[in-house]
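Taken together, the values in this text are just the output of simple stated rules run on the coordinates, not laboratory data. Fair warning: this is a prediction, and the values are worked out from it, not measured in the lab. Because the Cβ atoms are built from the backbone with ideal geometry, glycine has one as well, and the counts that use them run over all protein chains shown.
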Amino acid sequence: MYPFRLNAVEILITLILALWTITWKAYGAWTAAKHNHKKWFVALIILNTLGILEIIYIFKVAKKSWAEVKTDFRNGWEKFKKKDW
């Protein structure tokens, strides 16, 4: 009756991967737009690589340090909690 029935573990893994991908994709695209890297922006939006291409772009092309990334995520989370966007 249900050909694509998923169990709880499969649903959890799917949700975790979706959150992981969306987070890195948004941050990577935002960084590319901020640095005026139009081709990278389009590639990051179109290609789905589970965050791998986005992470490569952020750390190798945009040359952000892990401390900068953590600060950006922390600031973004604080703005999100305050609904200051």
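Here are a few things to note about the model shown:
- Cross-link table 39/81; 39/82; 39/60; 60/81; 25/64, entries beyond 27 Å C-alpha to C-alpha: 39/81; 39/82; 60/81
- Neighbour-count order for 73, 41, fewest beta carbons within 10 angstrom listed first: 73, 41
- Annotation: extensible slack from residue 46 through residue 17 equals 8.7 nm (criterion: 0.36 nm per residue apart, minus Cα-Cα distance).
- In the distance distribution for the range 8-82, Cα-Cα pairs more than 22 Å apart total 27 percent.
- Of the peptides 3-12, 61-70, 29-38, 74-83, the order by per-residue mean of other Cβ atoms within 10 Å, starting with the highest, comes out as 29-38, 61-70, 74-83, 3-12.
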